[in-house]
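Participant: Input: one structure, supplied below.
The values are calculated or read from the model by the stated rules, or taken from the named source; none is laboratory data. Worth saying up front: this structure is predicted, and the values here are computed from it rather than measured. Cβ coordinates were reconstructed from backbone atoms using ideal geometry, including for glycine residues, and neighbour counts include every protein chain displayed. Accessible surface is based on the protein model in full, side chains and every heavy atom, while ligands, DNA and RNA are left aside. Shrake-Rupley method; radii C 1.70, N 1.55, O 1.52, S 1.80 Å.
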There are 2 protein chains.
Amino acid sequence: MSILAVGSVAFDSIETPSGKVERELGGSATYFGLAASYFTDVRIVAVVGDDFGPEQEAVFWRRGIDIRGLERAPGKTFFWHGEYGADPNAARTRATELNVFQNFQPKIPAEYRDTEFLFLGNIDPRLQADVRRQMNGARLVGGDTMNYWINGSRQQLVETLKVIDVLMINDTEAKMLARESSLPRAARKVLAMGPKALVTKHGEYGSTVFFREGAFGIGHHPFRAPTLPLDEVRDPTGAGDSFGGGFMGYLASQGEVNREVLKRAMFYGGVMGSFAVEAFGTRRLQSLTREQIDERFAIFRELTHLE
Amino acid sequence: MSILAVGSVAFDSIETPSGKVERELGGSATYFGLAASYFTDVRIVAVVGDDFGPEQEAVFWRRGIDIRGLERAPGKTFFWHGEYGADPNAARTRATELNVFQNFQPKIPAEYRDTEFLFLGNIDPRLQADVRRQMNGARLVGGDTMNYWINGSRQQLVETLKVIDVLMINDTEAKMLARESSLPRAARKVLAMGPKALVTKHGEYGSTVFFREGAFGIGHHPFRAPTLPLDEVRDPTGAGDSFGGGFMGYLASQGEVNREVLKRAMFYGGVMGSFAVEAFGTRRLQSLTREQIDERFAIFRELTHLE
């Protein structure tokens, strides 16, 4: 089944201990879409400016991603300049220029309305809710958010959470959203707000999914997926969105979403995140094969499974 | 096979967000020994003072732990007073009174010399090396250390590492020891110093074991074991030593130490650590059954394994 990602397409200038790049194609919908494209058909709704040209378009088309929903607006594309030190989990933002993204009002093209899987990238929860209404036939809705919205638009976010099936955020965000210092307690509170599942991401330690009682079949235990211990994280940018793309792309590729499928999706999310950080920007995600992805999946299994 | 633990026996006063206790029985050899006692015969070498009485002795005897190697010295037993805030990984030390531990010179009783498995708790690496020499027939030697020795006794520690088979420390300590910010690179450097395996502990995210090339059979991938996402960590004290006790106790209970046995030992380590933090001091570790331990092992498996 196909998947629709709504989020940002951006240019990123990034400095890490491994090097630097300027005006590299990025944005949540880009990382998500590329990662998901190895599993299923992907459609994108985002906004770009005049500086988005054929070279950038080709990145999507080469992966078979449908960008008919990519809105062109006069002005420049969203630009972010960030720097990472030794800790890949802490980006220092040097500059954020919202540009055309400032007035982004996602419009879902008629030909996208029947998309079964929907991913709401990290944008204003008001816009996420608006997209959700336009896509009220979606079978499964995944969503992301961040501290900016948790602290600044809490009421609207809580409303939006009612119509999100799987929320994917990091530990700190989950604890902030629930106002709880223990992750399992925070997870229960977040699940009481609406989502059927909460995926919390722990950076180099992997991720844990918590299920709402009775959701996606029986059982009440959470499930933990690893990441690959990497010698070098060249560029952490987009790891979370790549996780989301692998996770939801795999879900969309399966007939039924049950607990076992969700567990494997956690592994595929980790796999795509681990590829993303091996090179700057989306470079690694542009040139993978499904075989390489499944080889790494096998390594993830070996890394965590007893005989 | 039996196991000998050399380390501290102490009284701890502990404050956490869940409550407080005073002069609770603690120390690395105590946590380690109790955790290991569910798997195999345990012997202990440590030093205590006049304030260590029948009540404390009984804690060991009830678990069948042989404390004939427990030296009595005039004076008071090692005392620690610590406090934890919301972060269970960060203890604030309010007081440390070494007392009789200050002049501890571990002497291995003749009847302990044939013990097959040896655990060198977190003591001066010079003393660890000395014990190792007295136990030169040991089949497998596990060891712990901390930032205090890594920074203050580096040369001696590097010497001692040559005669330790499995080093068990936390991430920060491994990176500090190797002077590397990436954990896999740090692991390779530490393994080049002598150990055949390095177990790194990640607190609430579990633990990872890295193997030296060719050690314990074929394969080169590390292995990651989880912990249980707990609603409440009542008292984090001793989690690492309890991990060590579960890990090495299980190893000692098996005929052969190969990679599969080491993987299961990682799970048992996590299981014992997760029990330890559920109650203050060693209380939870005193009253378990092997059945409860194996039930939790099954939960750990469910938490991480695909079908």
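Participant: Roughly how many debye, to the nearest 20, is the charge dipole of the protein assembly as shown about its Cα centre, given +1 on each Lys and Arg Cβ, -1 on each Asp and Glu Cβ, and no other charges?
Facilitator: On the way: 72 positive and 78 negative charges, 5 e Å.
That gives the protein assembly as shown a dipole magnitude of about 20 debye.
Participant: Could you give the dipole magnitude of chain B about its Cα centre, charging the beta-carbon of Lys and Arg +1 and that of Asp and Glu -1, in debye to the nearest 20?
Facilitator: Values: 36 positive and 39 negative charges, 203 e Å.
Result for chain B is approximately 980 debye, rounded to the nearest 20.
Participant: Using 7 Å Cα-to-Cβ label points, what is the B:ARG23/B:GLU232 separation (nm, one decimal)?
Facilitator: 2.7
Participant: Karplus couplings for segment A:237-244 from phi (6.51 cos²θ - 1.76 cosθ + 1.60, θ = phi - 60°), rounded to Hz, Gly and Pro as x?
Facilitator: With coefficients 6.51, -1.76 and 1.60, one gets 4, x, 4, x, 5, 5, 4, x Hz.
Participant: Moving on to the next point. Given a 1.4 Å probe, how much area per residue of segment B:146-222 is accessible, in Å²?
Facilitator: Value returned for segment B:146-222: 43 Å² of accessible area per residue.
Participant: Report the net charge of residues surrounding B:LEU157, where surrounding means a beta-carbon distance below 14 angstrom and charges are Lys +1, Arg +1, Asp -1, Glu -1. Each step should come with its number before you reach the end.
Facilitator: On the way: positive: B:ARG126, B:ARG132, B:ARG154, B:LYS162, B:ARG179, B:LYS189; negative: B:ASP124, B:ASP130, B:ASP144, B:GLU159, B:GLU173.
Spelling it out: positives minus negatives among the neighbours equals +1.
Participant: So how strong a dipole does segment B:193-274 carry about its Cα centre when Lys and Arg Cβ are +1 and Asp and Glu Cβ are -1, to the nearest 20 debye?
Facilitator: For segment B:193-274, the charge dipole is close to 320 debye.
Participant: To one decimal place, what orientation-averaged projected area in nm² is obtained for the convex hull of the Cα set of chain B?
Facilitator: On the way: hull surface 59.4 nm².
Convex hull of Cα atoms, orientation-averaged projection: 14.9 nm².
Participant: Another question about this same structure. Each residue of segment B:152-165 in order: what ³J(HN,Hα) in whole Hz does its phi give by Karplus 6.51 cos²θ - 1.76 cosθ + 1.60, θ = phi - 60°, with x for Gly and Pro?
Facilitator: Each residue of segment B:152-165 in turn: x, 9, 4, 4, 5, 4, 4, 4, 5, 4, 5, 10, 10, 7 Hz.
Participant: Oh, and also: For Cα pairs less than 8 Å apart in space and 6+ apart in sequence, what is the mean separation divided by the residue count of chain A, i.e. the relative contact order in percent? Don't jump to the answer; show the numbers that get you there.
Facilitator: Working: 682 pairs, mean separation 56.0, N = 307.
Value for chain A: 18 percent.
Participant: Hey, can you grab everything whose amide H is under 5 Å from the amide H of A:SER13? Only 5+ residues off in sequence or another chain; H modelled, so Pro and N-termini drop out.
Facilitator: Here A:ARG23, A:GLU24, A:TRP80, A:HIS81, A:GLY82 satisfy the definition.
Participant: Consider just the alpha-carbon atoms of segment A:115-238 and return their Rg together with their Dmax, both in angstrom.
Facilitator: 14.6, 44
Participant: I want to check a number: in chain B, how many lysine pairs have alpha carbons closer than 28 Å, given a sequence separation of 8 or more or different chains?
Facilitator: Lysine pairs, 8 or more places apart or on different chains, close enough: 18.
Participant: Something else: Could you compute the net charge surrounding B:TYR31? Neighbours are other residues with a C-beta less than 14 Å from the C-beta of B:TYR31; K and R count +1, D and E count -1. Walk me through the numbers on the way to the answer.
Facilitator: Working: positive: B:ARG63, B:LYS201, B:ARG283, B:ARG284; negative: B:ASP12, B:GLU24, B:ASP144, B:ASP235, B:ASP241, B:GLU278.
Around B:TYR31, the surrounding residues sum to -2.
Participant: Here is a follow-up. Bins of 5 Å, beginning at zero and ending with the bin holding the largest distance: percent of Cα pairs per bin for segment B:58-175, please.
Facilitator: Final binned percentages: 2, 9, 16, 19, 20, 18, 11, 4, 1, 0.
Participant: Another question, then. What is the extension gain from A:GLU83 to A:ARG139, computed as 0.36 nm multiplied by their sequence separation minus the C-alpha to C-alpha distance, in nm to one decimal? Write down the numbers at each step before the final one.
Facilitator: Working: separation 56, 0.36 × 56 = 20.16 nm, distance 3.79 nm.
16.4 nm is the gain from fully extending A:GLU83 to A:ARG139.
Participant: Please report the spacing between the Cα centers of segment A:154-216 and segment B:3-44 in Å, no decimals.
Facilitator: One Cα centre to the other: 36 Å.
Participant: Could you work out what % of the accessible surface of segment B:125-258 is carbon and sulfur, using a 1.4 angstrom probe and leaving DNA, RNA and ligands out of the count? Provide the component values of the computation, followed by the final result.
Facilitator: Numbers: 2450 of 5030 Å².
Carbon and sulfur together cover 49 percent of it.
Participant: Next up: Based on the alpha-carbon gyration tensor of segment A:260-307, what equivalent-ellipsoid semi-axes (square roots of 5 times the eigenvalues) come out, in whole Å, largest first? Each step should come with its number before you reach the end.
Facilitator: Values: eigenvalues 88, 24, 19 Å².
Equivalent ellipsoid of segment A:260-307: 21, 11, 10 Å, largest first.
Participant: Another question about this same structure. For A:PRO54, place a label point 7 Å from Cα along the Cα-to-Cβ direction in every copy; what are the distances to the other copies, in nm, shortest first?
Facilitator: 9.4
Participant: What is the spread of the Cα atoms of segment B:181-307 along each of their three principal axes, largest first, in whole Å?
Facilitator: Dimensions of segment B:181-307 along the principal axes of its Cα atoms: 39, 34, 30 Å.
Participant: Now for a different question. For A:GLU260, place a label point 7 Å from Cα along the Cα-to-Cβ direction in every copy; what are the distances to the other copies, in nm, shortest first?
Facilitator: Distances between equivalent label points, in nm: 2.3.
Participant: Scale the Cα Rg of segment A:210-274 by the rule-of-thumb value 2.2 N^0.38 Å and send over the ratio, two decimals.
Facilitator: My calculation over the Cα atoms of segment A:210-274 gives 1.22.
Participant: Positive end of the charge dipole of segment A:194-307 (Lys, Arg +1 and Asp, Glu -1 on Cβ, about the Cα centre): tell me which of A:THR289, A:GLY214, A:PHE243 has its Cα farthest that way.
Facilitator: Checked the options; the winner is A:GLY214.
Participant: Still on this structure, I have one more. Considering only B:TRP80, B:ALA138, B:PHE119, whose Cα is most displaced toward the positive end of the charge dipole of segment B:79-157, charges sitting on Cβ of Lys, Arg (+1) and Asp, Glu (-1)?
Facilitator: B:ALA138
Participant: Okay, next question. Assuming R0 = 45 Å, what is the FRET efficiency of B:GLU116 and A:ALA91, from their Cβ-Cβ distance, to the nearest 0.05? Write out the running numbers ahead of the final one.
Facilitator: On the way: r = 50 Å, r/R0 = 1.11.
Once the sixth-power term is evaluated, E becomes 0.35.
Participant: Axis carrying A onto B: which residue of A has the nearest Cβ, and how far, whole Å?
Facilitator: A:TYR205, 2
Participant: Through the Karplus equation 6.51 cos²θ - 1.76 cosθ + 1.60, θ set to phi - 60°, convert the phi angles of segment A:258-267 into ³J(HN,Hα) values in whole Hz; use x for Gly and Pro.
Facilitator: Karplus values, whole Hz, x for Gly and Pro: 10, 4, 5, 5, 5, 5, 5, 4, 4, 5.
Participant: What does the charge count around A:MET168 come to, taking other residues whose C-beta lies under 14 Å from its C-beta (Lys +1, Arg +1, Asp -1, Glu -1)?
Facilitator: Neighbour charge sum, excluding A:MET168 itself: -3.
Participant: Work out how far the C-alpha atoms of the protein assembly as shown reach from end to end along every principal axis, then list the three figures in whole Å, largest first.
Facilitator: Result for the protein assembly as shown: principal-axis Cα extents of 83, 43, 41 Å.
Participant: Let me ask something else. Once the mean 1/r over all distinct Cα pairs of segment B:4-119 is inverted, what Kirkwood radius in angstroms do you read off?
Facilitator: Details: mean 1/r = 0.0673 Å⁻¹.
Over segment B:4-119, the inverse of the mean reciprocal pair distance is 14.9 Å.
Participant: Give the distance, in whole Å, between the Cα centre of segment B:48-97 and the Cα centre of segment A:274-307.
Facilitator: Spelled out, the Cα-based centre of one part sits 47 Å from the other.
Participant: Here's something else I'd like to know. Considering chain B as a Gaussian network with a 10 Å cut-off on Cα pairs, which listed residue, B:ASN147, B:ASN89, B:ASN103, attains the greatest mean-square fluctuation?
Facilitator: In the Gaussian network model the winner is B:ASN103.
Participant: As a check on your grasp of the helix formula, calculate [θ] at 222 nm for chain B: sum -39500 (n - 2.57) over DSSP H runs of n ≥ 4, divide by the residue count, round to the nearest 500. Spell out each step's value before the answer.
Facilitator: Working: 11 runs with 112 residues, N = 307.
Rounded to the nearest 500, the figure is -11000 deg cm²/dmol.
Participant: Okay, moving on. Can you list, shortest first in nanometers, how far A:GLU307 lies from the same residue in the other copies, with each label 7 Å from Cα toward Cβ?
Facilitator: List, nearest first: 2.5 nm.
Participant: Okay, moving on. Select from segment A:270-307 all residues whose loss of accessible area on going from the chain by itself to the full protein assembly reaches 20 Å² or more (probe 1.4 Å).
Facilitator: The answer is A:ILE299, A:ARG301, A:GLU302, A:LEU303, A:THR304, A:HIS305, A:LEU306, A:GLU307 - residues whose exposure falls by at least 20 Å² when every protein chain is included.
Participant: Next question, about the same structure. So which residue, out of A:HIS202, A:HIS221, A:HIS81, gets the largest mean-square fluctuation from a GNM of chain A using Cα contacts under 10 Å as springs?
Facilitator: Largest GNM mean-square fluctuation: A:HIS221.
Participant: Taking beta carbons within 10 Å but only from partner chains, what does the mean come to for residues A:221-232?
Facilitator: Values: counts 6, 5, 6, 11, 2, 8, 1, 4, 11, 4, 7, 3.
The mean count of partner-chain Cβ atoms within 10 Å per residue comes to 6.
Participant: Okay, moving on. Which of these, B:GLU111, B:GLU278, B:GLU260, has the largest mean-square fluctuation under a Gaussian network model of chain B (Cα springs below 10 Å)?
Facilitator: Highest fluctuation among the options: B:GLU111.
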